[in-house]
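Worksheet: the structure to be examined is printed underneath.
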Amino acid sequence: MNQHESNLPNEAECLREDWVIVGRVDANGKRYDDVEQRHEVSISANGAVVQKGWIQEREYGCGHDARRPRGGRCGDPGCYLDSCAECYIRCSACQVGLCLMHVRYLDNESGQKVPVCSHCRDKIQRRRFWRKFWAFVLSPFVSFDDHSK
Ligand SMILES: [Zn+2]
Ligand SMILES: [Zn+2]
Ligand SMILES: [Zn+2]
């Protein structure tokens with residue numbers, strides 16, 4: 001069921017329906033969106049000819065207009081959200097593309113925020129934790145060096 005259904009006149013009084021699907025293509029000729037247009041001609045109860053039109057445009061998962069360039073599909077497991085090019089962010093560790101809901105940020109060594117996926121964030125945080133842990137445990141005895149990793 002689409003949202004127009006409630007606006008439909010009774011079938012008997014509908015004289016004509018035109019449906020137009022407009023497919024948009026990006027710069028590479030790849031199809032990235034459909035725009036649905038629909039026109040309908042009917043006769044109202046008092047005999048007037050009524051013409052109605054609807055145009056329905058799809059949006060990206062980020063909420064932006066589908067006329068923007070497409071970024072891609074989110075790589076988080078179970079999420080298939082499409083984002084526009086501006087909202088599509090890649091994990092700096094594994095390069096998977098992410099939607100705004102699934103991108104996570106970590107501080108790198110120089111204090112800058114870097115985008116990562118949740119999988120890589122967990123991995124990095126665990127590694128940092130153990131590194132700190134062993135540095136702390138061993139510090140009274142040996143100086144911690146990074147060759148052990
Ligand atoms: Zn967007
Ligand atoms: Zn990642
Ligand atoms: Zn996502």
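The values are calculated or read from the model by the stated rules, or taken from the named source; none is laboratory data. All figures in this text were calculated on a predicted structure; none of them were measured in a lab. Here the Cβ is made from the backbone with ideal geometry for all residues, glycine too, and neighbour counts use every protein chain on show.
Tabulated results
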item: In the stretch 102-118, residue farthest from ligand 1 (Cβ to nearest atom) [restricted to those that are without any contact (Cβ under 8 Å) to a residue 24 or more places away in the chain and in a loop (DSSP other than H, G, I, E, B)]; result: E109
item: The listed residue being crowded, with 16+ Cβ neighbours inside 10 Å, aromatic (F, W, Y) and at pLDDT 90 or above, out of Y60, Y105, Y88; result: Y88
item: Test: residue in the stretch 66-77 that is in contact with a helix residue (DSSP H, G or I) (Cβ under 8 Å, 6 or more places away or on another chain) and not in a loop (DSSP other than H, G, I, E, B); result: no
item: Residue list for the stretch 42-65, restricted to those being assigned to a loop (DSSP other than H, G, I, E, B) and not hydroxyl-bearing (S, T, Y); result: A45, N46, G47, A48, R58, G61, C62, G63, H64
item: Residues that are among the acidic types (D, E) and under 10 Å from the mean Cα position of the chain (by Cα), drawn from the stretch 59-96; result: E59, D82
item: Qualifying residue in the stretch 22-39 (condition: modelled with pLDDT of 80 or more, in a strand (DSSP E or B) and farther than 30 Å from Y88 by Cα); result: yes
item: Hits in the stretch 50-99 - residues which are of a type in the set (S, T, Y) and more than 16 Å from ligand 1 (Cβ to nearest atom); result: S92
